[in-house]
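S.K.: This is the structure I have questions about; it appears just below.
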Amino acid sequence: MPGRRKLTRIWRVTSQLISRSLLFLSIATPCYAENIVEIVELSLVNETGLLQAQELRDASKAARRQTLGEFFPEIRLYGEMGNYEQKVSRLNNLPLTDPLTSATEGQLYRLEASVPLFDTTLFAKYSIADLKVTRSNLEGLMAKQEAILHSALAYIRVIQHTERLNLSRIHKNSASEQLDHTNQRLKLGLSSKADVLEATARHDTAVAEELLAETELSISRENLKRIVGQEFGTLSPLKDNAPLLPPNPASADSWIELANKSSPKLAIAEMEHRILKAETSMHRRAHLPKIHLKAYAEKVEDERVFGRHSEDSGALVEFSLPLYEGGKTSARTTETVHKAIAAKHQRESMQRQVENEIRDNFMRTLAALSHIKALRQAKESTTKAHNSIKAGFRVGSRSAVDVLNSLKEMLKAQKAYANARYEYIENLLKLKAASGKLAIDDIVSINRWLGGDS
């Protein structure tokens, strides 16, 4: 029996240790909401457009190495080995009774080397390849900024629709409570049937609004899941005291100056124009002569030719000048000239588009700040008015319709206030993206407004 008691005591101590360990782990392991920085970083890992841009960048670098290789010598080795059989059936135009046959062996080895001495098209090809590498880097930067913008906006829309759903549920619960009060007052003879019908209609409308908000939230969550590439937990909401500040710099012209220096869209359009100009120069240089230095070494062993055994080597300078190619070179030059002019117009169009985006988002950001200030006051005023009317309804000085109308106005002001705050963040992100300055640091700053850890 003492052994059994000892085992029981050990089991109790072990159970206590396990339970305390589990309690410690449950306290030590934080249950946190996924913030916008984590979501954006996940999207950068799974964004197919960004992965495609990276592969195209590597491909353009490989193409540049190809053009660089044309400046170096080309060395080729040829070899030939064979058994040859020769049969002679006539000699001096007289047929032979017994044809003569012979079997011989032959070998040929030849080493050739060629290096360009004068070929101006090679420099143009390398310049074009280098410009294409720069363009692919800019395309990668643009793809990264677009991925940051899309994932951040998708995050903002999820928490915006979450808040909209919460307000819709508050509206529905308040409408349901008001409907119950109206029914009770109808039984006491303090309300009319019309009041009950009005309260019922408002309640049904609130239920429909809640269903619509749930659908919008589901769609926005699925969209964010598609961008991130995996499931995500509860997202950090926007703080009530988030310091929403005016954009810096404080003028649209300053943002346009930033775009002229940093916008990958404008830089890509400029690079496309430069590439086509370089291709035009390359086609024009095709009329110039080309000079190559060539050298060779050859060894022949052939028994067919009087037992030939020879070794030969030499060097030569090859000169070529295109005189007439059917007008192909001139046509190529004309084609790239027109394409370069079209690229110039496209660059000017992109410049106007970027300026328009910057001015539009800048004005929208300032307007959202003004709306936030006005709507904050409207939210407070409608809330006080609703509470006052509810108090009057309880003592019989206000009707149920008055309460429902004040409730509608209060929730309308709350939704408008919430939408204005999220619109401010969206417009600010679009403004930074249009100027080419959007980076992960901007997402970290916004994350502080959302209450997440940066």
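S.K.: Which ones in the range 116-132 are in a strand (DSSP E or B) and surrounded by 14 or more Cβ atoms within 10 Å (Cβ to Cβ)? Give the steps one after another, and end with the answer.
M.R.: Within the range 116-132, the subset in a strand (DSSP E or B) is 116-118.
Passing the criteria: only P116.
S.K.: Let me ask something additional. Only residues in the range 271-296 that are in contact (Cβ under 8 Å) with a residue 24 or more places away in the chain count as the first member; pair them with residues that are of a type in the set (K, R) and outside any helix (DSSP H, G or I), Cβ under 9 angstrom, at least 6 apart or cross-chain, and list the lot.
M.R.: Going by the 9 Å Cβ cut-off, the qualifying pairs are Y296/R110.
S.K.: Right, next: Determine whether R202 is surrounded by 12 or more Cβ atoms within 10 Å (Cβ to Cβ), in the same structural domain as V444 (by TED's automatic domain parsing) and farther than 30 Å from S445 by Cβ.
M.R.: Numbers: surrounded by 12 or more Cβ atoms within 10 Å (Cβ to Cβ): yes; in the same structural domain as V444 (by TED's automatic domain parsing): yes; farther than 30 Å from S445 by Cβ: yes.
When the stated conditions are applied, R202 passes them.
S.K.: Which numbered condition in (1) part of a helix (DSSP H, G or I); (2) surrounded by fewer than 22 Cβ atoms within 10 Å (Cβ to Cβ); (3) small (G, A, S) is the only one that S151 fails?
M.R.: Among (1) part of a helix (DSSP H, G or I); (2) surrounded by fewer than 22 Cβ atoms within 10 Å (Cβ to Cβ); (3) small (G, A, S), S151 violates only (2).
S.K.: Only one of T205, T200 is within 28 Å of R376 (Cα to Cα), modelled with pLDDT under 90 and among the β-branched types (V, I, T); which?
M.R.: Details: T200 fails: within 28 Å of R376 (Cα to Cα).
Residue meeting the stated conditions: T205.
S.K.: Evaluate the following for L244: is it of a type in the set (A, V, I, L, M, F, W, C), part of a loop (DSSP other than H, G, I, E, B) and surrounded by fewer than 13 Cβ atoms within 10 Å (Cβ to Cβ)? Write out each step before concluding.
M.R.: Values: of a type in the set (A, V, I, L, M, F, W, C): yes; part of a loop (DSSP other than H, G, I, E, B): yes; surrounded by fewer than 13 Cβ atoms within 10 Å (Cβ to Cβ): no.
In short, no.
S.K.: Let me ask you something else. Just to be sure before I move on: is N356 modelled with pLDDT under 90 and assigned to a helix (DSSP H, G or I) in the structure I sent?
M.R.: no
S.K.: Being closer than 30 Å to S251 by Cβ, exposed (fewer than 13 other Cβ atoms within 10 Å of the Cβ) and without any contact (Cβ under 8 Å) to a residue 60 or more places away in the chain is the requirement here; does H338 meet it? Explain how you work it out, then say what you get.
M.R.: Details: closer than 30 Å to S251 by Cβ: no; exposed (fewer than 13 other Cβ atoms within 10 Å of the Cβ): yes; without any contact (Cβ under 8 Å) to a residue 60 or more places away in the chain: yes.
Considered against the rule, which asks whether it is closer than 30 Å to S251 by Cβ, exposed (fewer than 13 other Cβ atoms within 10 Å of the Cβ) and without any contact (Cβ under 8 Å) to a residue 60 or more places away in the chain, H338 comes out as no.
S.K.: Hey, could you check the range 197-232 for residues that are in contact (Cβ under 8 Å) with a residue 40 or more places away in the chain and outside any helix (DSSP H, G or I) and say which is nearest to the chain's Cα centre (by Cα)?
M.R.: G229
S.K.: Could you please let me know if E257 is at negative phi, in contact with a helix residue (DSSP H, G or I) (Cβ under 8 Å, 6 or more places away or on another chain) and among the acidic types (D, E)?
M.R.: Values: at negative phi: yes; in contact with a helix residue (DSSP H, G or I) (Cβ under 8 Å, 6 or more places away or on another chain): no; among the acidic types (D, E): yes.
No.
S.K.: Assess whether E105 counts as being at pLDDT below 90 and not in a helix (DSSP H, G or I). Spell out how you get there, then give the answer.
M.R.: Working: at pLDDT below 90: yes; not in a helix (DSSP H, G or I): yes.
Spelling it out, E105 is indeed at pLDDT below 90 and not in a helix (DSSP H, G or I).
The rows are residues; the columns are (1) loosely packed, with under 11 Cβ neighbours inside 10 Å; (2) polar (S, T, N, Q); (3) modelled with pLDDT of 60 or more.
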{"site": "A53", "(1), (2), (3)": "no, no, yes"}
{"site": "L77", "(1), (2), (3)": "yes, no, yes"}
{"site": "E85", "(1), (2), (3)": "yes, no, yes"}
{"site": "N92", "(1), (2), (3)": "yes, yes, yes"}
{"site": "T101", "(1), (2), (3)": "yes, yes, yes"}
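S.K.: Hey, another quick one. In this structure, does R448 turn out to be under 30 Å from K172 (Cβ atoms), among the basic types (K, R) and in a helix (DSSP H, G or I)? Can you show your working first?
M.R.: Values: under 30 Å from K172 (Cβ atoms): no; among the basic types (K, R): yes; in a helix (DSSP H, G or I): yes.
No; evaluated as a whole, the condition is false for this residue.
S.K.: For the range 359-407, name all the residues that are more than 41 Å from the chain's Cα centre (by Cα), surrounded by fewer than 19 Cβ atoms within 10 Å (Cβ to Cβ) and not polar (S, T, N, Q).
M.R.: Going residue by residue through the range 359-407, those that are more than 41 Å from the chain's Cα centre (by Cα) are 381-407.
Still in the list and also surrounded by fewer than 19 Cβ atoms within 10 Å (Cβ to Cβ): 381, 383-385, 387-388, 390-392, 394-398, 401-402, 405.
The answer is K384, A385, K390, A391, G392, R394, V395, G396, R398, V401, D402.
S.K.: For the range 125-161, which positions are in contact with a helix residue (DSSP H, G or I) (Cβ under 6 Å, 6 or more places away or on another chain) and closer than 30 Å to A201 by Cα?
M.R.: Within the range 125-161, R157, V158, Q160, H161 qualify.
S.K.: If you check V395 against the conditions, is it of a type in the set (V, I, T), assigned by TED's automatic domain parsing to the domain that holds E209 and free of Cβ contacts under 8 Å to residues at least 12 places away in the same chain? Let's see the steps before the verdict.
M.R.: Working: of a type in the set (V, I, T): yes; assigned by TED's automatic domain parsing to the domain that holds E209: yes; free of Cβ contacts under 8 Å to residues at least 12 places away in the same chain: yes.
So V395 fits the description; yes.
The values are calculated or read from the model by the stated rules, or taken from the named source; none is laboratory data. Since this is a predicted model, take the numbers as computed values, not measurements. Neighbour counts run over all protein chains shown; Cβ positions are idealised from the backbone, glycine included.
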